[in-house]
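Read the figures in this text as sums done on the coordinates, not as results from a lab. None of the values given here were measured: they were computed from a predicted structure.
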Amino acid sequence: MSDSGKVLTELTGAPDQGIPENVLADAKCVAIVPDMVKGGFIVGAQHGRGVATCRGANGWTAPAFFTLTGGNWGAQIGAESVDLVMLIMNEQGMQQLLSSNWKLGGEASAAAGPVGREASANTDWKLRSQVLTYSRTRGLFAGLTLNGANVRQDDDSTRAFYGKDYDFRTLLTGKVPAPAQSREFLASVRQNFREANAGK
């Protein structure tokens, strides 16, 4: 989980190529997959484990764990590790996230997120995109098109972390207090999004 906080900080702080502050300020939830492995020959595939949190009435919610699998990256050879950040931008996207099992580009519209210090208010992300995706591969940071990937609750990680089975909706609507071991991750989220809101 600490890796997820580090990835978020690095991707929001990339000079002139980070996630724009006004995009962060509008996001309702954030989902992070550190070290997602993608690879294949001609047909791409990916798999990773990640953690998500949403804005709640009392701050960012307790983390929820998920897996991301499937999808197509187009023609490629070999394999590499990717850091992935997904920002859920509106109520429709948040409802998909709360369902614990959804497909990017299917139930939830997904688009490569804009990069830079600010994103133009008249671009598609402001109007239609439920989920904006960002990736970093070997130091290269960019918006990422990630359609066809399935996001599903990670029951094993949830059980290991909380000692019981909580569903996404219970965790991400703030009904479970955040455990002490999530403090570092949530502090990173608060810091990055606080700075974005300050510049809004």
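Extension gain, residue 69 to residue 181: 0.36 nm times the residue separation minus the Cα-Cα distance gives 37.7 nm. Near residue 35, the amide H atoms lying under 5 Å from its own belong to 82, 83, 84; only residues 5 or more places off or on other chains count, and H is placed 1.01 Å from N. Using 0.36 nm per residue and subtracting the Cα-Cα separation, the extra length available between residue 191 and residue 35 on full extension is 54.0 nm. Taking amide H as placed 1.01 Å from N in the peptide plane, the amide H of residue 154 sits under 5 Å from that of 65, 66, 67, each at least 5 places away or on another chain.
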